[in-house]
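See structure below.
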Amino acid sequence: MKRVHNFYAGPAGLPLEALQRAKEELLDFENTGMSIMETSHRSKAYDKVHNEAISLLRELMGIPENYSVLFLQGGASMQFAMIPMNFIPEGGSADYINTGVWSTKAIKEAKIVADCNETYTSTNGFKDLPDLSNIKISDNAAYVHMTSNNTIYGTQFNSFPDTGKTPLICDMSSDILSRKVDVSKFGMIYAGAQKNLGPSGVTILIIRNDLIENANKTLPTYFKYSTHADKNSLFNTAPTFGIYILRNVLLWMKGIGGVEEIEKINTAKADAAYSAFAASEGYYKPVANSGFESKMNITFRLKTEELEKKFIADAEANDFIGCKGHRDAGGIRISTYNAVSLESVQEFVKFMDKFRNENK
Ligand SMILES: *Cc1c(COP(=O)(O)O)cnc(C)c1O
C-alpha cells in the first residue's frame, strides 16, 4: 500500500489509524452483522457512535455545559445563511469582519437576510489581518462574525477579540481543533468537518444554549437551531457514516495526546515550512504578510507562473499531492491540517530545496 503526502485543502487527508479502524469495522460493526452505514440512525449501535463523537468533541475542545454540539449537513456554506436567519431579529443587523474569500461569502448571504455592517474590509488582497484588540461593535449588532483561518490566502488570527455582551460567531472550518481555543469566548463556532476532522458531509456546530433559545421562532422547522438541539441532531437522518469517521478521528486525536499535542505538531510543521521560505533567499515568496501566516494553509509564490506550474507537476511526481493554490489566489498552497505528519512537511521542505537547486 502506498500513501501519498496529502496537502489537499479539503476534503483532506485523514489519519491512517481512523481509516484502518473503519476498514476493520466496515463489514461487521461490533457484531451487528452490518456496517455502521447500513444501520438505522435510531439504532442502539449508531446512537452510541453519535454520542461518543459528541462527548469526545466536548472533551477535546473543553466545551462548557451550557453549549450544544450539533452535527448538520449543508457545509459551512449553509451556516452562512442559517446564522443570520436565526440570530438577526426583525430590523436588526450584525457585524462582519471580512478577511478573506469565505468571509466575503458569509457576508453575501447575511446581506440577503439583513442589512449587515462590514466593519473591516481588507484593502491589500487579504494578505494580513486587522488588530481586533480594540474592536468597535455597532449598536445594533446581533453578533460579530469572523473567520479564524483564511484558507485561500493563508492567514490566521493568533487571538480572538473580546466582544463583551455581543456574541462572537466564528467560522473555524479550516482550523478547528488545531490549537487550544477558549470556547467560552464564543457564542457559536462552526466548521465543515472535511478539513481537520473528517470526511465531507458533516458540519460541526457549537452553540451557546441561550442563543438557541432566543433565536428567531418563525423559520421553517429544519432551519431552526432549536429543532436540531432538541433532537440531539437526530431530527432527520443524520450523515451517519461521516459522524462515525469523525468519531474515529477524534479517538485518534485523543490517543496521541489531544489538542495540546496536535498544536505542538502543527507549530513544528509550520515552522519547518516558513523557515524554508526564509532560507530560500526570495526564491519562495510567502503570500501572507509576516505575522499573519496560517499554520494550516501555507501559501507562496515563485518567480513566474510557468515555474509554479513546473513546481506543482514535479511535486506531484514526488507524491506531494494537492499543492496547487486556490484559483482566486494562484501560486502554491500546502494545507497542513491535523492529519498531515511532520515527516510529510519535512520531506516537502527537502523537495523544495532540491527544486530550487535544479531550477535556478
Ligand atoms: C472550506 C471552507 C468553507 C466552506 O465549507 P463547505 O463545508 O464546503 O461549505 C467555509 N469557510 C472556510 C473558512 C473554509 O475553509
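None of the figures in this text is laboratory data; all of them are computed from the coordinates on show. Values in this document were obtained by computation on a predicted structure and should not be read as measured data. Methodologically, a virtual Cβ is constructed for each residue, glycine included, from the backbone with ideal geometry; neighbour enumeration extends over all protein chains shown.
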Margin query: Being within 16 Å of the ligand (Cβ to nearest atom), more than 30 Å from residue 167 (Cα to Cα) and surrounded by 17 or more Cβ atoms within 10 Å (Cβ to Cβ) narrows it down to one residue among 18, 12, 76, 81; which is it?
Written below: 12
Check: Any idea which residue in the stretch 302-332 is farthest from the chain's Cα centre (by Cα), counting only those that are within 15 Å of residue 287 (Cβ to Cβ) and exposed (fewer than 14 other Cβ atoms within 10 Å of the Cβ)?
Finding: 303
Notebook entry, point to check: Only one of these conditions is not met by residue 118: (1) surrounded by fewer than 18 Cβ atoms within 10 Å (Cβ to Cβ); (2) within 16 Å of the ligand (Cβ to nearest atom); (3) acidic (Asp, Glu). Which number is it?
Noted result: (2)
Note to self: When you check residue 134 against the structure, is it surrounded by fewer than 23 Cβ atoms within 10 Å (Cβ to Cβ) and farther than 21 Å from residue 84 by Cβ, yes or no?
What the structure shows: yes
Notebook entry, point to check: Residue check, residue 238 against (1) touching a Phe, Trp or Tyr at 6+ places or on another chain (Cβ under 8 Å); (2) without any contact (Cβ under 8 Å) to a residue 40 or more places away in the chain; (3) among the small types (Gly, Ala, Ser), all met but one. Which one?
Noted result: (2)
Notebook entry, point to check: Can you name the residue in the stretch 295-317 that is assigned to a loop (DSSP other than H, G, I, E, B) and free of Cβ contacts under 8 Å to residues at least 40 places away in the same chain and is also farthest from residue 357 (Cα to Cα) among such residues?
Noted result: 304
Margin query: With the requirement that a residue be part of a strand (DSSP E or B) and either within 16 Å of the ligand (Cβ to nearest atom) or over 25 Å from the mean Cα position of the chain (by Cα) (or both), what does the stretch 33-73 give you?
Written below: 70, 71, 72
Next item on the list: Scan the stretch 176-197 for residues that are within 13 Å of residue 259 (Cα to Cα) and of a type in the set (S, T, N, Q) and jot them down.
Entry: 178, 196
Check: If the Cβ limit is 6 Å and pairs must be 6+ apart or interchain, which residue in the stretch 136-164 that is under 15 Å from residue 190 (Cβ atoms) pairs with which residue that is among the aromatic types (Phe, Trp, Tyr)?
Finding: 143/87; 145/96; 147/102; 148/157
Notebook entry, point to check: Are any of the residues in the stretch 203-215 crowded, with 21+ Cβ neighbours inside 10 Å and not aliphatic (A, V, I, L, M)?
Noted result: yes
Checklist line | Where residue 3 falls short, out of the listed (1) away from the ligand (no atom under 16 Å from the Cβ); (2) in contact with a Gly (Cβ under 8 Å, 6 or more places away or on another chain) | finding: (2)
Margin query: Against the definition (out of contact with any Lys or Arg (no Cβ under 9 Å at 6 or more places or on another chain), away from the ligand (no atom under 16 Å from the Cβ), assigned to a loop (DSSP other than H, G, I, E, B) and under 29 Å from residue 130 (Cβ atoms)), how does residue 158 come out, yes or no?
Written below: yes
